[in-house]
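Here the structure comes first, spelled out in structure tokens, and everything after it is commentary.
The values are calculated or read from the model by the stated rules, or taken from the named source; none is laboratory data. Treat the numbers as computed from the prediction; the structure is a model and nothing was measured. Methodologically, a virtual Cβ is constructed for each residue, glycine included, from the backbone with ideal geometry; neighbour enumeration extends over all protein chains shown. Keep in mind that these areas ignore ligands, DNA and RNA; they rest on the heavy atoms of the full protein, side chains included. Shrake-Rupley method; radii C 1.70, N 1.55, O 1.52, S 1.80 Å.
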Amino acid sequence: VVLRVEKKGRGGKAVTLLQPKGGSLDLASVAQELKTALGTGATVEGESVAVQGDQLARLEPWLRARGVKEVIVGGGR
């Protein structure tokens, strides 16, 4: 899973993108769980999940607790 923060094209608002490497995650269910767990908006955008705000510090431990072995922060460009 690749995590990165993006502002470009979003009116200056920060969005954290979660992009799985391979098709092992059900993006719709991940987005729904993130909404509940983090108390923030999350939606599926193509092949990634967009979470409102800069949530890197909260997303990485959340993913590791759910068994994701490889989390790359700031990559995927």
Next on the checklist: Give me the one-decimal nm value for the distance between modelled label points at A65 and S24, 7 Å along each residue's Cα-to-Cβ direction.
Outcome noted: 2.0
Item to check | Cα gyration tensor of the chain - equivalent ellipsoid semi-axes, whole Å, descending | outcome: 17, 14, 12
Checklist entry - What accessible area per residue comes out for the chain, rounded to a whole number of Å², with a 1.4 Å probe? => result 59
Next on the checklist: What would the Debye equation give as log₁₀ I(q)/I(0) for segment 36-75 at q = 0.15 Å⁻¹, counting only Cα atoms as equal point scatterers?
Outcome noted: -0.37
Next on the checklist: How tilted is helix 27-38 with respect to the longest principal axis of the chain? Cα atoms for both, answer in degrees (0 to 90, nearest 10).
Outcome noted: 80
Item to check | Cleavage-rule hits (GluC sites (Glu not before Pro)) in segment 1-53: DSSP loop, at most 11 neighbouring Cβ within 10 angstrom | outcome: E47
Checklist entry - With each pseudo-label sitting 7 Å past Cα toward Cβ, what's the K13-K35 distance in nm, one decimal? => result 1.5
Checklist outcome for this item: Partner aspartates and glutamates whose C-alpha sits under 16 Å from that of K21, ignoring same-chain residues fewer than 8 away, are E45, E47, E60, E70
Checklist outcome for this item: Here the gain from full extension of T43 to E6, 0.36 nm per residue of separation minus their alpha-carbon distance, amounts to 11.9 nm
